[in-house]
1. I'd like the full set of residues that are more than 21 Å from ILE145 (Cα to Cα) and open to solvent by 20 Å² or more (accessible area, probe 1.4 Å), limited to the range 210-245.
2. Mind checking which residues of the range 172-204 are surrounded by fewer than 16 Cβ atoms within 10 Å (Cβ to Cβ), at pLDDT 75 or above and not aliphatic (A, V, I, L, M)?
3. Looking only at the range 54-76, which residues are crowded, with 19+ Cβ neighbours inside 10 Å and either part of a strand (DSSP E or B) or of a type in the set (Val, Ile, Thr) (or both)?
4. Between a residue in the range 152-172 that is within 14 Å of LEU285 (Cβ to Cβ) and any residue that is outside any loop (DSSP other than H, G, I, E, B) and of a type in the set (Asp, Glu), which pairs come within a Cβ distance under 9 Å, given they are 6 or more apart or on different chains?
5. Cβ-Cβ below 9 Å, separation at least six or inter-chain, first residue in the range 70-87 and under 17 Å from PRO103 (Cα atoms) and in contact (Cβ under 8 Å) with a residue 24 or more places away in the chain, second of a type in the set (Phe, Trp, Tyr) and outside any loop (DSSP other than H, G, I, E, B): which pairs?
6. Quick check on my filter: what residues within the range 35-69 are under 29 Å from the mean Cα position of the chain (by Cα) and more than 16 Å from PRO103 (Cα to Cα)?
7. Give PHE100, PHE79, PHE86, PHE94 a once-over and let me know the one that is open to solvent by less than 70 Å² (accessible area, probe 1.4 Å) and of a type in the set (A, V, I, L, M, F, W, C).
8. Could you please find all residues in the range 326-342 being at pLDDT 60 or above, within 12 Å of LEU4 (Cα to Cα) and open to solvent by less than 40 Å² (accessible area, probe 1.4 Å)?
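The values are calculated or read from the model by the stated rules, or taken from the named source; none is laboratory data. Quick caveat: nothing in here was measured; it's all calculated off a predicted structure. Here Cβ is always computed from backbone atoms with ideal geometry, including for glycine, and neighbour counts include all displayed protein chains. With ligands, DNA and RNA removed, areas are computed over all heavy atoms of the protein, side chains included. Shrake-Rupley method; radii C 1.70, N 1.55, O 1.52, S 1.80 Å.
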Amino acid sequence: MAILRFAVFRLLTMLATLVVVSVLIFAIINLPPGDYLTNQINELRATGQSNGIAKAEFLRTEYSLDQPLWKQYMIWMGFLPGPHGFLGIIQGEFGWSFEFDKPVADLVGGALWMTVLVNLAAVLFIYAIALPLGVIAAARSKTWIDYTSALVGYLGLATPNFLLALILFYYGNRYLNLPIGGLMDPRFEGEPMSFDKMKSVLVHLIIPTFVIGTSGAAGMMQRLRANLLDELGKPYVETARAKGMRESSMLMKYPLRVAFNPFVADIGTLLPSLVSGSVLVSVVLGLQTIGPVLLTALKSQDLFLSAFVLMFVALLTLIGTLISDVLLALLDPRIRFGGRAK
C-alpha cells in the first residue's frame, strides 16, 4: 500500500508538472516574432499574391491565433472553448500543421509509434550491452578485459552518431546486406501488421538501434564500472570476503544493487535524450520518426506541430521519471517516501 500511495503521489505530481511544461513550451515557441501564418501573409503581400491571404486569415481565426497569447494557450489545451467549443489537447485534438496542411494527429500518428519503437529498442540495447560489460570490467579491474572494454567505451563516446550512421549506411549494406533507410520495406507501408512486415521492421531496426544506442551504452558502462569499483573498495565488501562469501554472490547481493541506483534513475532522462539525439541519425537513415518532423516544424514556426512534439518528449521524460522513482523505491530500502524510511 505504501508503494501504491507513493506511485499515485508521483503520478499527480507528473500531471501538474506536465501542465507547467506545456505553458513553458507554448510561451517559448511564441518568443520569436510572428508565426507561420503571419510570415506567409507578409510573403504573399510582398509578392502581390492576394489569393492565399484570405485562406491564411481564415486559419488565423479558425485556430484562435488572433487572440491574446494566454487565450491561445487555454484554447490549445482545451481549458477554454474555441470557435468549435472545447477542442484541445485534453480532448484529443492536437491542432493543425500549417506547414504540411493536415491535422497534427494524422501527421505524427505513425511517427510516434516508430519513435517509441526505435528508442525502446535502443534502451534495451544500451542496458544489454552496458550492464554486463560494466560489471565484468569492474570485477576484472586492471586486466585485459577492463582495458578492452574501456577502449570500446571511449570509441563509442568519441564517434558521433551521424558519422557512425554514414559508415554503416555504406559498409553494412555492402558487406552484410543489411537494409538501410526507413524502418520497413516500402512494400509494407500502409499494410496491416503481418509476420513478414514485423520481420522487415526488426531487420531494419538493427542499424538504427546500434547507431543510436552506442554512445549511451558506452557512457553507462563507464559510469557503472566507476560506481562498482567504488563500492568494491568499501569495508562491508572486505567483511563479506573475510567471512568466506563467494565473490559472485557477494557482488550481486550488495555492491551491484547500490551501484545500479544511478542507472535506474537514468530512465527518466534516457528516452528524451535518445529522441533529441537521434534527429540527425533519423535524417541520415531516413527514419520515419518525429525527429525530422520536429526539425521542420521549428524551422517553419509551425506552432501546433512543434508544440505537440515537444509535449510528447516532455511526457516521455515524466513517464521515465515516474518509472525510475517507483523502481528506486523498490530497489533501495534506504529511499525515503511518505516521510518515513522504507
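1. PHE210, LYS234, PRO235, TYR236, GLU238, THR239, ARG241, ALA242, LYS243, GLY244, MET245
2. Answer for the range 172-204, where residues must be surrounded by fewer than 16 Cβ atoms within 10 Å (Cβ to Cβ), at pLDDT 75 or above and not aliphatic (A, V, I, L, M): SER194, PHE195, ASP196, LYS199.
3. Selection gives ILE75 alone.
4. Qualifying pairs under 9 Å: none.
5. TRP76/PHE26; TRP76/PHE304; MET77/PHE26
6. Hits for the range 35-69 are ASP35, LEU69.
7. PHE94
8. Correct list: VAL326, ALA329.
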